[in-house]
1. Taking the residues in the stretch 31-52 that are of a type in the set (D, E, K, R) and in contact (Cβ under 8 Å) with a residue 40 or more places away in the chain as candidates, determine which candidate is farthest from the ligand (Cβ to nearest atom).
2. Please find, among 92, 111, 158, the residue that is closer than 28 Å to residue 49 by Cα and surrounded by 12 or more Cβ atoms within 10 Å (Cβ to Cβ).
3. Name the residues in the stretch 14-30 that are within 13 Å of the ligand (Cβ to nearest atom), surrounded by fewer than 20 Cβ atoms within 10 Å (Cβ to Cβ) and among the small types (Gly, Ala, Ser), would you?
4. Considering the stretch 4-13 alone, what residues qualify as being of a type outside the set (Gly, Ala, Ser), within 9 Å of the ligand (Cβ to nearest atom) and either out of contact with any Phe, Trp or Tyr (no Cβ under 8 Å at 6 or more places or on another chain) or assigned to a helix (DSSP H, G or I) (or both)?
5. Being loosely packed, with under 14 Cβ neighbours inside 10 Å and under 28 Å from residue 52 (Cβ atoms): is that true of residue 137 here?
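Values quoted throughout were computed directly from the atomic coordinates according to the rules given, and no laboratory measurement underlies them. This is a predicted model, so every value here is computed, not measured. Methodologically, a virtual Cβ is constructed for each residue, glycine included, from the backbone with ideal geometry; neighbour enumeration extends over all protein chains shown.
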Amino acid sequence: MKNLVLVGFMGTGKTTVGAALAASLEMKHTDLDDAIVEWEGRSIPEIFTDQGEAYFRDVETKRLAQLLAVGSQVVTTGGGAVLRKQNVEMMLEHGIVIALHATEEELIKRLEKDTGRPLLAGGVATRVKTLMAERAGVYDFAPIQVDTTGKSLSDIVLEITRQVVERTQDGEQ
Ligand code: S3P
């Protein structure tokens, strides 16, 4: 079984959905950000402050490659993990990629009180708007696209499962 890889902007629910999807399919769930934190022995804001985003992105690529190599896992990724072509190629080669979406308004609401995401520092609403504009289309490469706005967790898991089964039967992936 290939990995199921969840991508999407911050706040789209990748980690929550990934955990529920893994439980439902009896697969292991691994979160890329958690793996980075474990590897580095410090939080993501600390990594950004100490060594900057470029360093974080290098670690992100290395850890992603390791997680995908394990196989048969639900792998949830950080919102910026798709920014490197190399990462996208790895995801497509070693997994079925699922992109989660939500409206800008919904994302701002979900992220409003967040303090753990360095890229949102300086005003969540403004940063979400800017980053969403900068990242327009970066999740389009995923063969499965799911809008999470207004949907329950169980509906989202069902929708993903249905599409994964369809694609697996078609022999597309
Ligand atoms: C980032 C998203 C974060 C985390 C880091 C950078 C991004 O993950 O990887 O703060 O560039 O969008 P989540 O999408 O899980 O918040």
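1. 31
2. 111
3. 19
4. Residues satisfying the conditions are 10, 12.
5. Taking the combined requirement at face value, the residue satisfies it.
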